[in-house]
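The values are calculated or read from the model by the stated rules, or taken from the named source; none is laboratory data. All values reported here derive from a predicted model rather than from experimental measurement. In this analysis, Cβ positions are derived from the backbone assuming ideal geometry, glycine residues included, and neighbour counts consider all displayed protein chains. To get the accessible areas, we keep the full protein, side chains included, count just its heavy atoms, and leave off ligands, DNA and RNA. Shrake-Rupley method; radii C 1.70, N 1.55, O 1.52, S 1.80 Å.
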Amino acid sequence: QVQLVESGGGLVQAGGSLRLSCAATGSIVSINAMAWYRQAPGKHRELVANISSSGATNYADSVKDRFTISRDSAKNMVYLQMTSLKPEDTAVYYCNADDVRAGRHRYLEVWGRGTRVTVSS
């Protein structure tokens, strides 16, 4: 069974940085796109950034020039480097993998359980 496990969340002051990591496990053969989403209290889950299998990236306007998504396909890892953090970045951050092939199985979408990021003012 495929699992995504996030790490790296925590409490940071405004202006600080954090690096989130997400490890995909479970006899994975290939993963198409990977992404980070976030959900702030009382708000809908929103896309933060995604990265295709070829490395093309896309960012929400609110995080452009501050966050960087990257992946290590050989290790089935995706990262989110967050800089110049703002209180409005406070949320639970979720890792997402699209079209995962593992063994003889294919998973159209897999989600992690999330890691909490709190930015204090």
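Descriptive notes on the structure:
- Protection proxy ranking, peptides 71-83, 98-110, average beta carbon neighbours within 10 Å, highest first: 71-83, 98-110
- The range 1-97 - percent relative contact order, Cα under 8 Å, separation 6 or more: 36 percent
- Normalised Debye scattering of the range 17-61 at q = 0.14, 0.31 Å⁻¹ gives log10 I(q)/I(0) of -0.45, -1.18, counting only Cα atoms as equal scatterers and leaving out solvent.
- Put a plus charge on the Cβ of each Lys and Arg, a minus charge on the Cβ of each Asp and Glu, and nothing anywhere else: the dipole of the chain about its Cα centre is then about 220 debye.
- Added length on full extension, which subtracts the Cα-Cα distance from 0.36 nm per residue, Gln3 to Ser27: 7.6 nm
- From the Kirkwood radius over Cα pairs of the range 1-97, Stokes-Einstein at 10 °C and 1.306 mPa s returns a whole-number translational diffusion coefficient of 116 µm²/s.
- Summed over the residues of the range 1-93 and divided among them, the accessible surface reaches 52 Å² per residue at a probe radius of 1.4 Å.
- Two-site FRET efficiency, Ser70 against Gln13, from Cβ-Cβ distance with R₀ of 30 Å, rounded to 0.05: 0.80
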